[in-house]
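The values are calculated or read from the model by the stated rules, or taken from the named source; none is laboratory data. These numbers were taken from a predicted model, which means no experiment stands behind them. A quick note on method: Cβ atoms are made from the backbone with ideal geometry, for glycine too, and the neighbour counts reach across all protein chains shown. Surface accessibility is based on the protein's heavy atoms, side chains included, excluding ligands, DNA and RNA. Shrake-Rupley method; radii C 1.70, N 1.55, O 1.52, S 1.80 Å.
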Amino acid sequence: MAESKVPGSIHYIASPMWRLIQSRDVSAEQLAEWNSRITREKAYLARLTDSPDNLRNPYREVELTFHHLEAMIALLHEARSSSNDADEAKFVSLFASLRPAFAKAQFLAGFENSLLLPAADWVGEPSELSVVEMKNGNPPAPRRPILAAVTIVLAAMVGLVDYDSPGQLTLTAIVLVGCLAVLCTQPSHERRPAQLTPMTLAGSVWRRRYKMR
């Protein structure tokens, strides 16, 4: 129905990307056909993660299209399916860097909420450290094991060390509580299910075309 009203809209509605971000099954044949269509876009995004110079100027080579958004989801899906934490962190950080460019891309044309927001929710947000390290060409450091070790040391200090003043004990206890709070917090890049259906998107496309008329 949407395609008959707005020719070309099926390109956005039928993309396997939507099934992936809704944690729905996609057949191997569909994934293979999809990946064959976005090979060039996936290669371009991979180059951005490998070259800090390209990341600083993502507009230099190509204008971002819906295929690039699909490629980003495909690359993250592959990294998460293979439990490749390093690649996942790189592409989450890359998406955060490119999100302003996606928001200004011509293909959105007023559909930032219905097209970009569900994808952004599924991708998640990177930590500040991973963004900086990716731009410097370094893989994200395993911060949680280090923080856990610091927490153990602080707990031992609170229980075993004799403090000269209550202020020192209070300061150490506050730092310990902060470390425990961070360790108990869910990582910010954890995936969240998107609440978008093809019919919702089709309705948005139709309403947009109707208003233009």
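Across region 43-57, which residue is modelled with the highest pLDDT among those that are open to solvent by 30 Å² or more (accessible area, probe 1.4 Å) and in a helix (DSSP H, G or I)?
Within region 43-57, the match that is modelled with the highest pLDDT is Ala43.
I'm trying to understand the selection: among the residues of region 13-32, which are touching a residue at least 12 places away in the same chain (Cβ under 8 Å) and closer than 21 Å to Gly124 by Cβ?
Ser15, Pro16, Met17, Trp18, Leu20, Ile21, Gln22, Ser23
Just give me the residues in region 2-38 being over 18 Å from Ser114 (Cα atoms) and of a type in the set (A, V, I, L, M), in sequence order.
Of everything in region 2-38, those that are over 18 Å from Ser114 (Cα atoms) and of a type in the set (A, V, I, L, M) turn out to be Val26, Ala28, Leu31, Ala32, Ile38.
Quick one: count up the residues across region 1-31 that are surrounded by 10 or more Cβ atoms within 10 Å (Cβ to Cβ) and in a helix (DSSP H, G or I).
Residues in region 1-31 being surrounded by 10 or more Cβ atoms within 10 Å (Cβ to Cβ) and in a helix (DSSP H, G or I): 15 in total.
Condition first: out of contact with any His (no Cβ under 9 Å at 6 or more places or on another chain), at pLDDT 90 or above, under 22 Å from Ile10 (Cβ atoms) and among the hydroxyl-bearing types (Ser, Thr, Tyr). Can you find one or more residues in region 82-94 that meet it?
No, every residue in region 82-94 fails to be out of contact with any His (no Cβ under 9 Å at 6 or more places or on another chain), at pLDDT 90 or above, under 22 Å from Ile10 (Cβ atoms) and among the hydroxyl-bearing types (Ser, Thr, Tyr).
Residues in region 123-133: is at least one of a type in the set (A, V, I, L, M, F, W, C), out of contact with any strand residue (DSSP E or B) (no Cβ under 8 Å at 6 or more places or on another chain) and at pLDDT 90 or above?
Within region 123-133, one or more residues are of a type in the set (A, V, I, L, M, F, W, C), out of contact with any strand residue (DSSP E or B) (no Cβ under 8 Å at 6 or more places or on another chain) and at pLDDT 90 or above.
Return yes or no: is Ala71 modelled with pLDDT of 90 or more, farther than 15 Å from Phe102 by Cβ, open to solvent by less than 70 Å² (accessible area, probe 1.4 Å) and not basic (Lys, Arg)?
The answer is no for Ala71.
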